[in-house]
1. Tell me the Kirkwood radius of the protein assembly as shown: reciprocal of the mean inverse pair distance over distinct alpha-carbon atoms, in Å.
2. Partner chain Cβ atoms within 10 Å, averaged over the residues of A:33-40 - can you pull that number for me?
3. Over what distance in Å are the Cα centres of segment A:83-113 and segment B:12-56 separated?
4. Enumerate the lysines that B:Lys71 could reach by cross-link, defined here as Cα to Cα under 29 Å, with residues fewer than 8 away along the same chain left out.
5. Under the rule a/c < 1.5 gives rounded, and otherwise a/b versus b/c splits prolate from oblate, where does chain A land using the Cα gyration tensor?
6. So what are the radius of gyration and Dmax for the Cα set of chain B, in Å?
7. By the scheme Lys and Arg +1, Asp and Glu -1, what is the net charge of all other residues having a beta-carbon under 14 Å from that of B:Leu109?
8. Partner chain Cβ atoms within 10 Å, averaged over the residues of A:43-51 - can you pull that number for me?
Amino acid sequence: GAGVSQTPSNKVTEKGKYVELRCDPISGHTALYWYRQSLGQGPEFLIYFQGTGAADDSGLPNDRFFAVRPEGSVSTLKIQRTERGDSAVYLCASSLSDNEKLFFGSGTQLSVL
Amino acid sequence: GENVEQHPSTLSVQEGDSAVIKCTYSDSASNYFPWYKQELGKGPQLIIDIRSNVGEKKDQRIAVTLNKTAKHFSLHITETQPEDSAVYFCAASYSGGYQKVTFGTGTKLQVIP
């Protein structure tokens, strides 16, 4: 596809469960970002990858959140012991290189019941 | 860290009229100011951006202005059309490295036919 692909588009889980959210960036884009968007708010930065490494994870709220990008393409955001406050849209974005414009996916709507 | 304030939160205009959205930022190191349009169920899409060495930039019906001294920047949409209806976000970042973007809280624009 031409754009950033995120799966699933919707995820409903129960408090305490583990979830994984997947992001397929645009082919050839080396920079990948995760943002979180709560209802009625702007997206908030979570983590940035350049290639396979997490160059900046300062936005991750706590150690229940973790993200990987093992081959420098697809990334997975992992949330352990989910809490109701984790409910939000999780957005992935990629860019050709560090200083290029961001292309966002449509996000995964996570609902923790 | 950077703080971006945006207003108004909602804006209704008649088709053909102009719309103006205003933002302020706090970090004088910020030098890149993108604007995003977000439609329901989709991720933000970059519509225009401006760098701090430029005071104004125009692209067809959209223009952005930047006042570095006052730390103000604005989006102007002329000859509005119903398809301009969406949520608009201003944002700020330091473009010397990667795009750790700080978003405003968004403006919901409604263009009335």
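1. With all distinct Cα pairs of the protein assembly as shown included, I get 18.1 Å.
2. 2
3. So the two Cα centres are separated by 19 Å.
4. Qualifying lysines at Cα under 29 Å: A:Lys101, B:Lys22, B:Lys37, B:Lys57, B:Lys58, B:Lys100, B:Lys108.
5. Prolate is the answer for chain A, as a/c is 1.5 or above and a/b outweighs b/c.
6. Final numbers for Rg and Dmax: 13.5, 42 Å.
7. Details: positive: B:Lys22, B:Lys37, B:Arg61, B:Lys108; negative: B:Glu15, B:Asp17, B:Glu39, B:Glu79, B:Glu83, B:Asp84.
Cβ neighbours under 14 Å give a net charge of -2.
8. Mean number of neighbouring Cβ atoms from other chains: 3.
No value in this document is a laboratory result; all are computed from the given coordinates. All figures in this text were calculated on a predicted structure; none of them were measured in a lab. No Cβ is skipped: glycine too gets one built from the backbone with ideal geometry, and neighbour counts run over all protein chains shown.
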